[in-house]
1. Out of curiosity, is Ile893 aliphatic (A, V, I, L, M), on the phi < 0 side of the Ramachandran plot and surrounded by fewer than 21 Cβ atoms within 10 Å (Cβ to Cβ)?
2. Could you grab the pairs with beta carbons closer than 9 Å, sequence gap of 6+ or different chains, first residue in segment 296-317 and free of Cβ contacts under 8 Å to residues at least 40 places away in the same chain, second one of a type in the set (Phe, Trp, Tyr) and surrounded by fewer than 24 Cβ atoms within 10 Å (Cβ to Cβ)?
3. Where residues in segment 181-214 are modelled with pLDDT under 85 and part of a strand (DSSP E or B), which of them is surrounded by the fewest Cβ atoms within 10 Å (Cβ to Cβ)?
4. Against the conditions (1) free of Cβ contacts under 8 Å to residues at least 24 places away in the same chain; (2) surrounded by 15 or more Cβ atoms within 10 Å (Cβ to Cβ); (3) of a type in the set (D, E, K, R), where does Glu1102 fall short? Just the number, please.
5. Glu1092 passes all but one of (1) part of a helix (DSSP H, G or I); (2) under 19 Å from Cys1033 (Cα atoms); which number fails?
6. How many residues, within segment 1116-1148, are among the acidic types (Asp, Glu) and assigned to a helix (DSSP H, G or I)?
7. Are any of the residues in segment 1005-1013 β-branched (Val, Ile, Thr), exposed (fewer than 13 other Cβ atoms within 10 Å of the Cβ) and either under 30 Å from Leu788 (Cβ atoms) or touching a Gly at 6+ places or on another chain (Cβ under 7 Å) (or both)?
8. Does Glu1049 satisfy the condition of being surrounded by 11 or more Cβ atoms within 10 Å (Cβ to Cβ), in the same structural domain as Leu1069 (by TED's automatic domain parsing) and not hydrophobic (A, V, I, L, M, F, W, C)?
Amino acid sequence: MPFTFHAAWLTSGKHFEDGPEQYAFGAVHRSRAQKQDEVLTPPDTSAANFTATTGVQKDTTMLGPVGGSEHARGSVRESGPRLFLWGENHEAPSVWEERELGENGHPGRAVASDAKLPPGPADGTDGGRTVGTRSNGKIPSHPAQMPVGTLRQILRQFATASELTSLMGSPATASVWLPSQNGRPQTHLGSFQKGVNALSGDSEPYQLQPWQVTGLTLDPFHTLAFLSRFTNERLIELPSSTSLFRHARLGNDLLFWSHAAKFVLELLAGQHFLPGLIPDSSGRFWAAWQPFLLEGSLRERLEYLVEMMPPVCRAYELDSLEDAPAAGAIVEQFIGVVINRSIREWSTVVGEENGSGPARGTAGILSSGKRTAVPSSGSMWMDGLSGEDPLLQLPPQPAHQLYKRWIEWMEQLHSSVADSNFQVAFALELQEEEDERADPDAVPAGSPLAPIPLNNWHLQYYLQDKDDPDLLIPAQRVWNQNGQSIRVDGRRFDQPQERLLTGLGIASRLFAPIRESLRAPRPERAILTLEETYLFLKEIGPLLETSGFGVIMPEWWAARSRSRLGLRLRLGGQANPARADAANGPGRPRGQGEGLGGGASLNLRGLIHFRWELTLGEQTLSREEFERLAQLGSPLVQLGEEWLELDPGQVQAARQFLDRNEPDGSMPLLQAVGLAQAFSRTDLESERESWATSQFDALRPEGPPEGSNGQQLQELRSVLEPPGEGDMTEGLSGPELPLEAVVADGWLGAALERLRGIEPVEDIQEPDGFVGKLRPYQRRGVGWLSFLRQLGLGACLADDMGLGKTIQAIALLLHSRRLAEERGQSSNGHGEEQMRPALLICPTSVVANWRHEIERFAPGLRLLLHHGSGRLSGDAFRSALSQHDMVITSFGIARRDIDMLETQAWGDLILDEAQNIKNPSAKQTQAIRRLTGGPKTQNEIDSSPPFRVALTGTPVENRLLELWSIMEFLNPGYLGKREHFRQQFVLPVERYNDEFAAADLRRLVQPFLLRRLKTDPTIISDLPEKNEMVVYCSLSKEQETLYTHVIEETMDRVDRSEGVQRRGLVLGLLLKLKQVTNHPAHYLGEKGPLEERSGKLSRLTEMLEEALAVGDRALVFTQFVEMGHLLRRHLMENLGREALFLHGGTPAARREQMVRSF
């Protein structure tokens, strides 16, 4: 059962208003956004999520007091700011809506904190009290909140062994303002459910109301550890499969704070912090580490982070909405507090490990008790930065002098670095020397490897114009300049030497070679070893760039994603010529590779050969070439003129993979198509979807190893592996290496191009025996069906109603039989297997129509109608099959006769109106699915399964599971087991509107589904325009009276009911109102009279009189059989014409007569 994880950043009034967390960014820092007074205004209801920033203005200024009063925050008793976590259980509303909220017993629904807030009063009242509170002033508890014990159990799954205590959190309660209706927090409801609620009386506008939630709090240091471990995935699987909650949805609030925590980690890694002094209202000073956002890009990212804060993050612990803090204030306070606490914690750990932990006693007193000289202000400040007590115990005058000097230092730092129009830049360059260039004679023949120049990488120093990065001044010119400024291209650089030296001094703290270069009186460059070069490329360069320096990397490094060690999976290549010869022999499975060209690479079992290739950049490496590279032990190698990265971890993974796996293997064609489709993302999708670039994990039953980042192949295996088939991927196990590409060669590559619509499938003209003419799009449809038949893959023809799915299926049968006859003649009888009859299963209502269409368009097809009480069975049925080309039966008969039907050898299995098997749990669906595995008799055991076709205009009517059910019939196992499909696609798409999961699903099913619409002019252009006219009819007096009476009577009962009974009354009300608007006699169960009692019936009679007057015919539809009988009698009496009434109870023979008569 899934649940939603929520998070909030809560502050204690005491510590926030008067302490080291009062200001997050110090006295000097000012963000670009100016402080604005604001109120948490509910955003527009038209948006889908609660992530928009409507009503949230940017505010990234220094923090002042924020949040509600101490009374409002009294439930959070932890000292200092804390991360508050709580969970929302996703039980169905009908399960828990009857639970009592407390004293007044209002039922409630779960609410997701990322739901969009509809407009409503900010501080509405009800009867003189605040909306959302009880008459006794108590804030009601959220009815769907997760118990603290369960929440703690889930947190334990995210903790490492050393964190089992620290990540358990402390129980706490908090109040949060959520969108509510009728005193209940609202959950995600579908359109239908919202309509039901509206009719139930839930029509009052949404309002923001406070709810009390119970959860756990984490201190700032462990907050950073907890939040930084989440990725961008909204739906995650919990590590423990034994948990009641297998999946967790991360709320937008938790995802936001996770992004903020990662931003803090980046600031810490880049050393974007400085020691600070913070005065309080009492004249005391606190020592604190503060963020220092010198680089403009960091400030812009901070402002963007503030803009993206979900409004719910500002809705905690408020007396009223007017008390909502500014988004910028919360974010800056979070960043400042977490940075300060993290540095203190880490410095304590490092000090204890080194035996020089922070001072534990009063400054100036030794452990022996002897008093030393009075400590300086600076030493007490440093003690405050690393010790347990951040409050400086200084007299007022020394404290203010220290603070003044700190302000001057900060201002000087800003003016010397941040306020200049240029920056220090580092360019990594390779200095090739003649005597060190590769000797062509020294390189073995056929080897792409070249000797690696050592210590030839130079890190050149420049001054770089911030507005024009191409404008660079080498350090040599800076040192040769005697004046106080340099002019280049009209730009003036003031104090270049001082600024260059200041920047190099700061950078030297991050990179030892820069520090060594400063020993020279005029440093111009740093000479790097190959290991130092790799370190600069991987870590130091990005670190310097985020620290406000310019960094110029080699061009090849920017494309390193294409220049790394990886894997390529090649499908369709001939691994063994003997296999290929056997594949083209007489025993080949029906149609596979037929007519595709290039020689299908299939073995006797119909498997596709695959081959693993180790790649470095665009080049393929043999095992010998890889071993030579690995022996070099270098993270950077040069292949020809190109430098490539050779990560040591990937080298080890590649060696393990090569030792563990055969270089080639085989897999079913269906799985090969699925792999190729799953890795056929566009560049945009690959950039936006994290799992498209994740590691390629080991394909083994125990799943991915701990710590690996490879989930793709494990997921694909569960998606593509048919149940009950065992391990279908012989030798296919994945490494901890990125899968760079899945490449299909030969006929398979050409087939995939056609399946994806990149290359057209050959049109099939009207086959012999077809009476009529196919439209161009129908020829393409028959060609597409025939192409998938050749491949042995099931097909879903999902053309719009009226485009001729029936005709295309008939043409396919004629075309297939003609091909079978030709193969039989050319192979001396080997093609007789292709002459097996086709089985068509359709609803009873269209059995007769199929017979007529076949008699009309394919009179040469020998047809057996297996329907009715007189249908054949046993030996008589089997004997008749040899004399017929096609059998037509209904879904009901197929279910009853499944034991007999599944023993027969069918050439084609066609389902018309395939949505009849949309329920995978239905007995009818399970019976039909038994036909997909081929015959069960021993003498037919070597026959291939039938070609499966699903004809439906609505492959998905209500739920994605319907698509799985149809695809499971067409290509069993392709979309994985039902539960996996539910977790992988149904939940993300239907519940969370995950566009990436929807794109994945479309990509997987696209080769097997063809859908054209009547509205597409490229499909059909000679259809008349559909004219749709809505006619509104007035109710008669009798109808008005009945309508009002039904509503009042039902709503009285609705008010007195709850839960399922309440919903049942609402649905019953809808049914009764339809009957009243049809005709009072329909609702009252009367037979008459009918005239002048219904406005709708009167208008219908007038319209039919007009149609008959000009010789037109008309179809009239009604949802109710009872109303149909009333209409038929009324129309025959008033119009004097025969009125035919076809409904579900009409016998098949009578239906056929009625259709012919009409």
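The values are calculated or read from the model by the stated rules, or taken from the named source; none is laboratory data. Remember, predicted model here, so these are calculated numbers, not experimental data. Neighbour counts are summed over all protein chains in view; Cβ atoms, including those assigned to glycine, are modelled from backbone coordinates with ideal geometry.
1. Yes: the conditions hold for Ile893.
2. Arg301/Phe263
3. As a first pass, look at segment 181-214 and keep what is modelled with pLDDT under 85: 181-207.
Restricting the remaining residues to those that are part of a strand (DSSP E or B) gives 181, 184-185, 207.
Numbers: Gln181: 19, Arg184: 23, Pro185: 28, Gln207: 24.
Out of the qualifying residues, it is Gln181.
4. Status for Glu1102: all satisfied but (2).
5. Answer for Glu1092: the failing condition is (1).
6. First, the residues of segment 1116-1148 that are among the acidic types (Asp, Glu): 1122, 1133, 1138.
Restricting the remaining residues to those that are assigned to a helix (DSSP H, G or I) gives 1122, 1133.
The total comes to 2.
7. Checking segment 1005-1013: not a single residue is β-branched (Val, Ile, Thr), exposed (fewer than 13 other Cβ atoms within 10 Å of the Cβ) and either under 30 Å from Leu788 (Cβ atoms) or touching a Gly at 6+ places or on another chain (Cβ under 7 Å) (or both).
8. Spelling it out, Glu1049 is indeed surrounded by 11 or more Cβ atoms within 10 Å (Cβ to Cβ), in the same structural domain as Leu1069 (by TED's automatic domain parsing) and not hydrophobic (A, V, I, L, M, F, W, C).
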